[in-house]
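The values are calculated or read from the model by the stated rules, or taken from the named source; none is laboratory data. Bear in mind the structure is a predicted one, so any value in this text is a computation, not a measurement. Neighbour counts run over all protein chains shown; Cβ positions are idealised from the backbone, glycine included.
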Amino acid sequence: MNLRLVARASLLVNLAGLVTTLQAQSSAPIPQSTGLSYPDNLTGLVYSEVGQGSGAIVRHPRIVLSCAHVVFDDYLQASASGWTDLNDFTLAWNGDTAPSAENAVPLRGYVRFSRYAETSLNPEKYNLAFSEDFVAHFSYFNLTDNAPAAFWQDGVAALRSSAPKRITGYPAGLYNDGDPLQYRLHRTPDFLARLSIDFGRYLGAVGPSTGSGNSGGPAWVYDLKNHEWKFAGVLVSGLEKSQGDLDNEIGVVGANAAPWSLVTAAVKASGGAAPVTPLLFNSTAALPAAIPDGSRTGVSIPFDVSGAGKRLTTLRLSLSSDHAYPSDLTITLRAPSGRNVVIADRPELDYVELTEREITGFAGQNPNGRWTLLVRDVATADIGAVTEARLTLIAR
């Protein structure tokens, strides 16, 4: 049976019961009797000289994504560089005792942001380390027989959306050593809280919680269009009100083009074929950009694309606007070749927020050059602005 379809059915049954306001939603152990379905079955324990964390198999069956601080000892400097050499991974463990060596698989290496070490050891830049807290482990052989987890090309945008979310992993910090629940896989209830950016790619929300000890736990966001959970980032911090903290809280590093470059490097290092890395281009316009009211001229939002392949295969648009009445708007995207594709023509929407919307009509074109997003307000009275705009593309 397709585990992703099972997960989809489960979510659709429960979707109506999801709350739309932030509230305390702590993770809980998954019952051992239920078995593990997608994406829980791709979450696992990471052990290192530094301690225990969580991770997930994403994009490639040899790659585990986790937190840098799970394998970087910024206090004891366990090795000359601070990076540990002995890391084990146990996939989908949900037992009452710690996994044995027979269950664990050695992670042969890792690719990480060097800036994490630089910032975490610098008191003036310590907070910036959170936004670099991401690591890609690799193995020389497949870690699972299942397909690796699907992923959001722009995890930051997905985490900021109103789509359903959940976090899985092993919050060992909630329990005493030896407590059976310390080794059980946990999952938060599905929640709709929009995470907000604190700095860089580090986002947070008050309400949901996994408690402490779950660093590297995958943050999943549900793709309502394609009906599946996708990896969007890793948990790097968590507070738990029941443990004496003021509120439940989560801190997540969202994945984007920079972490995916690590995955590409890790796949190459493990001897596999490197996937094509999506390229992300933010608009070169100063945002927010006001949309002229009742004007056929509109506002032009440019994107300067360079360094891509010469044949476009995939193009996605992320766009946000605070316009009071979106049905006044028409939105058109123009390629460097001059070809135009209408994205929306006076849509019946309450608000404009496109996240990784796939755009067709440009396949095969050379994407390098200036793209222009033209947003027109063809009626009067209501006003607004374009607040965010980015293109994500794959070209060969």
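Give the number of residues within the range 187-204 that are touching a residue at least 60 places away in the same chain (Cβ under 8 Å) and under 21 Å from Phe134 (Cβ atoms).
Going residue by residue through the range 187-204, those that are touching a residue at least 60 places away in the same chain (Cβ under 8 Å) are 187-193, 198-202.
If we keep only those that are under 21 Å from Phe134 (Cβ atoms) too, we end up with 188, 198-202.
The number of residues fulfilling the criteria is 6.
For the range 145-168: of the residues being touching a His at 6+ places or on another chain (Cβ under 9 Å) and at pLDDT 95 or above, which is nearest to Gly204 (Cα to Cα)? Steps first, please.
So in the range 145-168, the residues touching a His at 6+ places or on another chain (Cβ under 9 Å) come out as 148, 167-168.
If we keep only those that are at pLDDT 95 or above too, we end up with 167-168.
On the way: Ile167: 13, Thr168: 16 Å.
It comes out as Ile167.
Taking the range 63-91, which residues are modelled with pLDDT under 90 and either touching a Leu at 6+ places or on another chain (Cβ under 7 Å) or assigned to a strand (DSSP E or B) (or both)?
Phe72, Asp74, Trp83, Asn87
Residues in the range 17-26: is at least one assigned to a strand (DSSP E or B), assigned by TED's automatic domain parsing to the domain that holds Thr188 and modelled with pLDDT of 95 or more? Outline the logic, then answer.
Taking the range 17-26 first, the residues assigned to a strand (DSSP E or B) are 25-26.
If we keep only those that are assigned by TED's automatic domain parsing to the domain that holds Thr188 as well, we get 25-26.
From the residues that got through so far, the ones that are modelled with pLDDT of 95 or more too are none.
Looking through the range 17-26, none of the residues is assigned to a strand (DSSP E or B), assigned by TED's automatic domain parsing to the domain that holds Thr188 and modelled with pLDDT of 95 or more.
In the range 194-221, how many are crowded, with 22+ Cβ neighbours inside 10 Å and either basic (Lys, Arg) or not in a loop (DSSP other than H, G, I, E, B) (or both)? Full working, then the answer.
Residues of the range 194-221 crowded, with 22+ Cβ neighbours inside 10 Å: 195, 201-203, 208-211, 214-221.
Next, from what is left, pick out any that are either basic (Lys, Arg) or not in a loop (DSSP other than H, G, I, E, B) (or both): 201-203, 208-209, 218-221.
Counting residues in the range 194-221 that are crowded, with 22+ Cβ neighbours inside 10 Å and either basic (Lys, Arg) or not in a loop (DSSP other than H, G, I, E, B) (or both) gives 9.
I'd like the full set of residues that are in a strand (DSSP E or B) and not aliphatic (A, V, I, L, M), limited to the range 333-354. Write out each step before concluding.
Going residue by residue through the range 333-354, those that are in a strand (DSSP E or B) are 333-334, 340-345, 352-354.
The answer is Arg334, Asn340, Asp345, Glu353.
Right, Ser300: polar (S, T, N, Q), under 23 Å from the mean Cα position of the chain (by Cα) and in a strand (DSSP E or B) or not? Steps first, answer last, please.
Numbers: polar (S, T, N, Q): yes; under 23 Å from the mean Cα position of the chain (by Cα): no; in a strand (DSSP E or B): yes.
No; evaluated as a whole, the condition is false for this residue.
Please work out which residue is farthest from Ser306 (Cα to Cα), limiting yourself to the range 337-391 and to residues that are surrounded by 13 or more Cβ atoms within 10 Å (Cβ to Cβ) and either among the acidic types (Asp, Glu) or outside the structural domain of Pro326 (by TED's automatic domain parsing) (or both).
This residue is Asp382.
Out of curiosity, is Asn122 in contact with a helix residue (DSSP H, G or I) (Cβ under 7 Å, 6 or more places away or on another chain) and farther than 19 Å from Ser261 by Cα?
Working: in contact with a helix residue (DSSP H, G or I) (Cβ under 7 Å, 6 or more places away or on another chain): no; farther than 19 Å from Ser261 by Cα: yes.
Spelling it out, it is not the case that Asn122 is in contact with a helix residue (DSSP H, G or I) (Cβ under 7 Å, 6 or more places away or on another chain) and farther than 19 Å from Ser261 by Cα.
In this structure, does Pro39 turn out to be buried (at least 24 other Cβ atoms within 10 Å of the Cβ) and either assigned by TED's automatic domain parsing to the domain that holds Gly233 or at pLDDT below 85 (or both)?
yes
Is it true that Ala101 is assigned to a helix (DSSP H, G or I) and of a type in the set (A, V, I, L, M)? Before the answer, list the steps.
Values: assigned to a helix (DSSP H, G or I): no; of a type in the set (A, V, I, L, M): yes.
Here the answer is no, as Ala101 does not meet what is asked.
For residues in the range 269-306 being exposed (fewer than 14 other Cβ atoms within 10 Å of the Cβ) and among the charged types (D, E, K, R), which is modelled with the lowest pLDDT?
The extreme case among them is Arg296.
In this structure, does Tyr183 turn out to be modelled with pLDDT under 95, closer than 27 Å to Ala98 by Cβ and surrounded by fewer than 21 Cβ atoms within 10 Å (Cβ to Cβ)?
Numbers: modelled with pLDDT under 95: yes; closer than 27 Å to Ala98 by Cβ: yes; surrounded by fewer than 21 Cβ atoms within 10 Å (Cβ to Cβ): no.
No, not satisfied.
Within the range 248-272, can you find the residues that are of a type in the set (D, E, K, R) and closer than 25 Å to Arg316 by Cβ?
The first filter runs over the range 248-272 and keeps only residues of a type in the set (D, E, K, R), leaving 249, 268.
Across the range 248-272, the qualifying residue is only Lys268.
Here is a check on your reading of the model: is Thr97 in the same structural domain as Gly200 (by TED's automatic domain parsing) and within 23 Å of the chain's Cα centre (by Cα)?
Working: in the same structural domain as Gly200 (by TED's automatic domain parsing): yes; within 23 Å of the chain's Cα centre (by Cα): no.
Spelling it out, it is not the case that Thr97 is in the same structural domain as Gly200 (by TED's automatic domain parsing) and within 23 Å of the chain's Cα centre (by Cα).
Taking the conditions exactly as written (modelled with pLDDT under 90, within 15 Å of Ile394 (Cβ to Cβ) and surrounded by 19 or more Cβ atoms within 10 Å (Cβ to Cβ)), does Arg316 satisfy them or not?
yes
Identify all residues within the range 356-374 that are at pLDDT 95 or above, within 12 Å of Thr332 (Cα to Cα) and of a type outside the set (S, T, N, Q); write none if there are none.
Within the range 356-374, Trp371, Leu373, Leu374 meet the criteria.
Which count do you get for residues in the range 114-138 that are touching a strand residue (DSSP E or B) at 6+ places or on another chain (Cβ under 6 Å) and in a loop (DSSP other than H, G, I, E, B)?
Of the residues in that region, 2 qualify.
Only one of Gly238, Gly178, Gly173 is surrounded by fewer than 21 Cβ atoms within 10 Å (Cβ to Cβ) and not in a loop (DSSP other than H, G, I, E, B); which?
On inspection, the qualifying residue turns out to be Gly173.
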